[in-house]
1. Going by a ≥ b ≥ c, the root eigenvalues of the Cα gyration tensor, does segment B:305-397 fall in the rounded group (a/c under 1.5), the prolate group (a/b larger than b/c) or the oblate group?
2. Can you compute the FRET efficiency between A:Arg161 and B:Val179 using 1/(1 + (r/R0)^6), with r the Cβ-Cβ distance and R0 = 51 Å? Round to the nearest 0.05.
3. Roughly how large is the B-A contact in terms of buried accessible area, totalled over both chains, probe 1.4 Å, nearest 100 Å²?
4. How shielded is A:38-51 by partner chains, expressed as the average number of their Cβ atoms within 10 Å of its Cβ atoms?
5. Under 15 Å from a point placed 7 Å out from the Cα of B:Thr221 along the Cα-to-Cβ direction: which residues of segment A:112-153 have their backbone N that close?
6. Rg (Å, one decimal) plus Dmax (Å, integer) for the alpha carbons of segment B:148-238?
7. Summing +1 for each Lys or Arg and -1 for each Asp or Glu, what net charge is found among the other residues whose Cβ lies under 10 Å from the Cβ of A:Tyr25?
8. Count charges around B:Ala121 for me, please; just the other residues with Cβ under 9 Å from its Cβ, Lys/Arg as +1, Asp/Glu as -1.
Amino acid sequence: MRADDDADFAAFVAASARRLLRSAYLVTGDRTEAEDLLQTALERAYRRWPSIRQKDVPEAYVRKIIVTAAIDTARRRTLRRAPLDEERIPGLPDPAVEGIPGRAALLSCVRELPAGQRAVLVLRYFDDLTEADTARALGCSIGTVKSQHARAMDRLRDLVRQQPDGSMT
Amino acid sequence: MSGNIAQELTETFASASEFVQPPPGLTERVRSGVRRRRRRALAATAIATVVLLGAAAAGYAAAGSHRAAARLQAPTARSRVIGTVSYQVTQLAVSGRYLYVAAGQNSWVSAYDVVTGKLIATVTVPGEPAALAVGPGGLVWVGYSPSGSAGPGGVWLLSPDLRQHSELTGLSADSIVPVSKTIALVPSRHGLLRVRLPLPGQPGQGSQHAEPGTSLGPGATTAPGAWSGMLGNRVTVQVSTGAGDNSRLVVAGQPGLTYGDSARTHINGATSTGSAVWVSTFAQINGESSLQGPLVRLNAALTPTTPPAVLTSPVLSRSEDVWSDGRTLWVATGVLTHSLVCLAAGSRTGPVVTLPVSGQVVALAAAGSTVYVNALEPPGSTAPSKIVSYPVPAACQ
């Protein structure tokens, strides 16, 4: 790789790594797994960096690798993992301290969703992607994104309603 | 909270991930990783084999001399790459000359000729394949999950060469137990469904009926990849209890007979050897989960009857998943140098033998004297992976 490509890659990592890692963490619920996914995706991007930077969409490229790999892994381990278990992650802000008591309960509801639906919510509400960009990130149609989103929100509302009184206020 | 969930999600996601920071030196780690992979790719196969032998031997030494410690099975020229796939394999099944490969994300099921390694056919099912099973007559049952684009889930029954199929939609088939050429049992929320399909390519319509007396108990649901199989003459099902990764085994029609779903006994994988079910378990303590744990044998009442040698094995105590063809037990473990081990599954379990597999074993199928394995190297990798056949060690048969 040429020196200017390498420097450009380093600048990309410095600018985008945290955002991508946060997104990966929200989909996987596991910081170590999120870091592994990010590094693997960045290695793939690094190998093809000259062509990726020319297309001017490196973040979308890396995000797509991360999200699809995270969904695959989660599906493989549907019955194994407890995603988004904030008690496992030292340093997570305490919702009570934050003064927003509903968030822990909402997170626990999100973790009950299938990985694909969870990814749609993260891409739409954390990464702030449009439906079209979400579809590109997931490698599916806009219609699939819409239906996955609708199912996720319906399920989330059901789960929120089932929460004990007061926990979601 | 009842007002705007979308707004709450935005704020919750932001605060819940606020503490996440990339590891220091990430760029250099990426560069090093790429260099390491290039070096690996340049290494000759012979050198790689020697390294693997050395690593496995070192692992064997570290595992100690316990009577059930794994023996090393040397890599052999008889192992063979059946195919290299660029997608994520979710399940394998084998019957006769065909090896079937399910790719969840692509909704593909492929058939390979196990003798020539040739790809025979690939079919696209309407949803992600959640269940793959070969039934009587070598017919292939595929259950797929409901999805937004595919609509409701369903079941396909395919000819052995995958060229013809019959189908039934309107049910979610997360696992399938074929009982005849045209009938299979499918676990559902309310018990087992008896699914009947025309032979592939034949006219007619499929049907589904609730099988009387097969309740799985209140609140039971299944999930893609969940296991079900015969235990004696009853169907045993891995059901989810809707609380994250909690699941338990239930004997259909006898919901009082259960195993698992306590803090110390979660279920990773399960398999039946006919008269017993073997389960790879893990514990979750204070929210921490190792995702690996002791291998347990259950009798027809789902009572543990694990041989002491298995319970105390340093390798089998870190099981991650388990498969069986009825004669041999295959166990994926979290011990790096013993990624895949086997043992005879009869009433007297034999020695534990390590196969020359590295990486994370994600799918396996065995028939006769051959086992087919798909492993991700390194674990979790999204790089193309190989499906490799290995001869079954004599000690495991």
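The values are calculated or read from the model by the stated rules, or taken from the named source; none is laboratory data. This one's a predicted model, so the numbers in the text were calculated from it and none came from an experiment. As a convention, Cβ positions derive from the backbone with ideal geometry for all residues, glycine included, and neighbour counts pool all protein chains shown. Accessible surface is based on the protein model in full, side chains and every heavy atom, while ligands, DNA and RNA are left aside. Shrake-Rupley method; radii C 1.70, N 1.55, O 1.52, S 1.80 Å.
1. On the way: a/c = 2.31, a/b = 1.39, b/c = 1.66.
It is oblate, given that a/c is not under 1.5 and a/b is not larger than b/c.
2. Numbers: r = 40 Å, r/R0 = 0.78.
After rounding to 0.05, the efficiency reads 0.80.
3. Details: alone 18900 and 10020 Å², together 23510 Å².
Summing both chains' loss of accessible area gives about 5400 Å².
4. Working: counts 4, 7, 7, 2, 8, 10, 6, 2, 5, 5, 0, 1, 0, 0.
If you average over the peptide's residues, the count of other-chain Cβ atoms is 4.
5. Residues passing the 15 Å test: A:112-118, A:151-153.
6. For segment B:148-238, the Cα-based Rg and Dmax read 13.3, 40 Å.
7. Numbers: positive: A:Arg22, A:Arg31; negative: A:Asp30, A:Glu33, A:Glu35.
Charge balance near A:Tyr25 sits at -1.
8. Working: positive: B:Arg163; negative: B:Asp161.
Summing Lys and Arg as +1 and Asp and Glu as -1 gives 0.
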